[in-house]
Each structure stands twice: as C-alpha cells, then as structure tokens.
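> This is the structure I want to talk about, given as structure tokens.
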Amino acid sequence: AGFEIRTHLGTTAVFADVSRPTPHKFSKYFVNVDALDALVPEVEKFSDGDVLYIDEIAPMELFSDKFKRLVQRYMNSKNICLATVKQDYEDDFIQSIKKRGDVMLVQITPENREEKEIFIRELVDKLG
C-alpha cells in the first residue's frame, strides 16, 4: 500500500510505500524522495499561459527541496497555479504559501465539492 505520483505527461513512480524503507517517513509511509526529485525536471518546463497544477503540497512532498523550489517557481510565475494544500498540516513552507497576497484559499469538502469545482473552473476561465 502506498502512493504513486504521476506527471501531466503520464510518467509515474512509486512515491511512498509502507513496505519499502527509506530515510524519510511520514505516518506509516516511507517516502521515496528520489522518485519525486527525478520527475521534477519533467514538470518544471512550462510556457506563458499554461495553467500550472500541483496535487499536493503536503508533508511527504516537503521532504524534497527540489519539489519546494518547483512550488516556489510555479507560485512566482505569471501563470495561474492551482495547488492542493493539506489542510490539517502546518509548517513554515505551507504557511508562506497561504500568506501570499496573490493566493486564494478555497476549502473543498465533500458537501461543497461540486459547487467549488464550478467556482474554480469559472475563476480559471476569467483569469486565463
């Protein structure tokens, strides 16, 4: 049992697993930082006008300095960047994202999921 990461081009890698020990662990998962780091070059190239998307910025991903630099690059670009951020985990990096003046936080729950999806689609259309 674990987590797989996938890029927009379809490249995949096992990112976290309960049965493959690594030096990095969150909860019951061993995190394969090298797998994430290997995929960063594939997603760090983008063009003006591309909508950038990260799912998700959370404790396991934050073991990777390359990932954090990618997040900062996306956030500092002129492009629209949609990102999911783990709600119940706080650290300095996540706080710095949430406190940015150019960030809009949208809380999505099972109850408002459909409504918020429409809101986000309409917002991206207006901004794009």
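The values are calculated or read from the model by the stated rules, or taken from the named source; none is laboratory data. Computed from a predicted model, the values in this text were never measured in an experiment. No Cβ is skipped: glycine too gets one built from the backbone with ideal geometry, and neighbour counts run over all protein chains shown. For the accessible areas, the whole protein counts, side chains as well, though only heavy atoms, and no ligand, DNA or RNA atoms are used. Shrake-Rupley method; radii C 1.70, N 1.55, O 1.52, S 1.80 Å.
> Can you give me the orientation-averaged projected area of the convex hull built on the Cα atoms of the chain, in nm²?
8.6
> Next question. For the chain, what % of the accessible area comes from carbon and sulfur atoms, probe 1.4 Å?
49
> Counting each DSSP H run of 4 or more residues in the chain as -39500 (n - 2.57), what helix-only mean residue ellipticity at 222 nm follows after dividing by all residues, to the nearest 500 deg cm²/dmol?
The per-residue figure over the chain is -10500 deg cm²/dmol.
> In addition: Relative to the first principal axis of the alpha-carbon coordinates of the chain, what is the inclination of helix 113-127, with its axis defined by its Cα atoms, in degrees from 0 to 90 and to the nearest 10?
Once rounded, one gets 60 degrees.
> Let me check against my output: what whole-number percent is the relative contact order of segment 19-128, with C-alpha pairs under 8 Å and at least 6 apart?
That works out to 22 percent.
> Taking each pair of distinct Cα atoms in segment 1-55 once, what is the resulting Kirkwood hydrodynamic radius in Å?
The Cα-based Kirkwood calculation yields 12.3 Å.
> Two decimals, Cα atoms only, Kirkwood Rh: what is Rg/Rh over segment 48-106?
0.93
> Test of understanding: extend the Cα→C-beta vector of Y53 to 7 Å, then name every residue of segment 97-128 with backbone N under 14 Å from that spot.
117-118, 120-122, 124-125
> Of K99/K126; K66/K86; K25/K45, which sit over 26 Å apart, Cα to Cα?
In this structure, K25/K45 lie more than 26 Å apart at Cα.
> Evaluate the relative contact order of segment 41-103 (contact order divided by residue number), counting alpha-carbon pairs under 8 angstrom at least 6 apart; express in whole percent.
So the answer I get is 41 percent.
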